[in-house]
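Only one structure is covered here, and it is reproduced in the block below.
The values are calculated or read from the model by the stated rules, or taken from the named source; none is laboratory data. These figures come from a predicted structure and were not determined experimentally. Note that each Cβ is placed from the backbone with ideal geometry, even for glycine, and that neighbours are counted across all protein chains shown. Surface accessibility is based on the protein's heavy atoms, side chains included, excluding ligands, DNA and RNA. Shrake-Rupley method; radii C 1.70, N 1.55, O 1.52, S 1.80 Å.
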Amino acid sequence: MMKIQMVDLKGQYAKIKPEVDQAIQNVIDTTAFINGPQVKTFSADLAEYLGVKHVITCANGTDALQIALMALGLEQGDEVIVPCFTYVATVEVIALLKLKPVVTEVDPDTFNITAELIEKAITPRTKAIVPVHLFGQSADMAAIMAVARKHKLYVIEDTAQALGAEYIGIDGSSKKAGTIGDIGCTSFFPSKNLGCYGDGGALYTNNDELATLIRKIANHGQAKKYHHEVIGVNSRLDTIQAAILSVKLRQLDQYCKARRDAADYYDQYLAGLSWLQIPKRHQNSTHVFHQYTLKLVDPVDRNALKDHLLSLEIPSMVYYPIPLHLQEAFKTPDYNEGDFPVSERLCSQVLSLPVHTEMETEQQDYIIAGIKSFRK
């Protein structure tokens with residue numbers, strides 16, 4: 001049987017090995033391992049790619065979200081709206097800062113939060129919204145920003161899975177996901193569309209004052225060494241990772257195209273199966289397919305399908321098996337099982353297939369045949 005992986009980082013590295021190796025060696029030769037010139041270069045290059053004024057790098061995507069919330073000056077007990085169907089990091093940082101996460105339902109087809117669902121969750125204590133651009137496409141940011149302006153709320157975009165995606169406005173203009181709200185946050189975890197070879201993250205904003213504050217917070221609250229103006233954290237992207245990311249940033253559009261081409265191929269041969277739904281593509285966003293996520297239609301047994309694929313040595317993953325309001329760490333009397341039926345149902349329906357920059361037609365044909373053989 002052929003070897004199939006959810007993400008082929010080794011194959012991707014092989015194609016850019018000389019450039020990556022040289023970039024790493026340059027850092028080692030100068031020994032500027034912390035805040036070396038490559039960090040500044042990568043930040044500037046990413047800002048240009050995104051079309052945003054400021055990019056501030058940090059240690060990981062979770063830190064990016066925490067630093068963003070810290071920069072907004074929220075107070076204990078302030079409410080922050082987040083989708084129920086997402087990774088725990090989005091809500092984790094809210095709780096860590098003693099803010100109150102308010103979870104909301106998501107659209108059953110795009111898996112993203114919507115303006116209508118946000119509006120229903122707003123109270124006098126609401127101060128911010130964190131839309132998550134799940135699996136690789138942007139939420140409807142024009143509508144979300146309209147709600148935010150109406151209620152004077154901050155917007156932090158969680159773009160950890162959608163770096164490179166374009167949000168397309170009603171007038172046909174486009175902006176990169178993460179550059180529309182007050183602050184955008186991303187992760188450079190190795191499996192991301194733009195991944196380093198360790199941990200890394202970044203924040204981006206067009207607001208000069210916010211950018212200055214974010215830089216201070218990420219650097220122990222200081223702009224000048226040993227002069228600590230605000231409470232901060234120690235969160236930085238190391239120079240080796242920045243050097244690697246600079247090499248890979250030049251490939252990002254091609255990486256996104258390769259993922260999109262693989263998704264198109266899946267769509268072509270899986271769309272006719274009545275017992276599953278291929279990913280819905282929102283008309284207001286391009287999709288960079290950090291994940292290619294199917295939604296199974298009842299009465300399909302997801303575990304049986306997963307086991308069937310595994311027997312053929314085809315990996316698959318469930319993102320995510322438990323909605324946020326039912327996670328042990330975040331259970332409160334405010335929410336009960338059944339309160340978010342769409343999210344709860346998605347957690348039992350979704351299944352992600354391998355999708356990455358090195359996908360080959362042969363591999364996809366094998367995966368597609370394996371899926372079809374589950375129900376003949």
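Observations on the model:
- Residue that is surrounded by the most Cβ atoms within 10 Å (Cβ to Cβ), among those in segment 214-241 that are over 15 Å from Asp63 (Cβ atoms) and of a type in the set (A, V, I, L, M): Ile240
- Gln349 within 16 Å of Tyr265 (Cβ to Cβ) and open to solvent by less than 40 Å² (accessible area, probe 1.4 Å): no
- Evaluation of His290 against the conditions (1) surrounded by fewer than 18 Cβ atoms within 10 Å (Cβ to Cβ); (2) at pLDDT 95 or above shows that the sole unmet condition is (1).
- Listed here are the helices (runs of 4 or more DSSP H) enclosed by segment 194-296 that have at least 3 residues being farther than 19 Å from Phe42 by Cα: 208-218, 252-270.
- Of all residues in segment 318-346 being of a type outside the set (A, V, I, L, M) and touching a Pro at 6+ places or on another chain (Cβ under 8 Å), the one that is nearest to Val91 (Cα to Cα): Phe330
- Within segment 352-376, considering residues that are touching a Phe, Trp or Tyr at 6+ places or on another chain (Cβ under 6 Å) and assigned to a helix (DSSP H, G or I), the one surrounded by the fewest Cβ atoms within 10 Å (Cβ to Cβ): Ile368
- Condition met for Gly11 (open to solvent by less than 50 Å² (accessible area, probe 1.4 Å) and in contact with a Gly (Cβ under 7 Å, 6 or more places away or on another chain)): no
- Elements of type helices (runs of 4 or more DSSP H) in segment 79-160, at least 2 residues being in contact with a Phe, Trp or Tyr (Cβ under 8 Å, 6 or more places away or on another chain) and either at pLDDT 95 or above or open to solvent by less than 10 Å² (accessible area, probe 1.4 Å) (or both): 89-96, 141-151
- Pairs where the first residue, in segment 224-239, is over 26 Å from Cys196 (Cβ atoms) and modelled with pLDDT of 95 or more and the second is part of a loop (DSSP other than H, G, I, E, B) and open to solvent by 50 Å² or more (accessible area, probe 1.4 Å), C-beta under 8 Å, 6+ apart: His228/His220
- Taken over segment 310-327, residues that are within 29 Å of Ala369 (Cα to Cα), touching a residue at least 24 places away in the same chain (Cβ under 8 Å) and either among the polar types (S, T, N, Q) or assigned to a helix (DSSP H, G or I) (or both) amount to 1.
- Qualifying residue in segment 43-58 (condition: over 21 Å from Lys175 (Cα atoms) and either free of Cβ contacts under 8 Å to residues at least 24 places away in the same chain or open to solvent by 10 Å² or more (accessible area, probe 1.4 Å) (or both)): no
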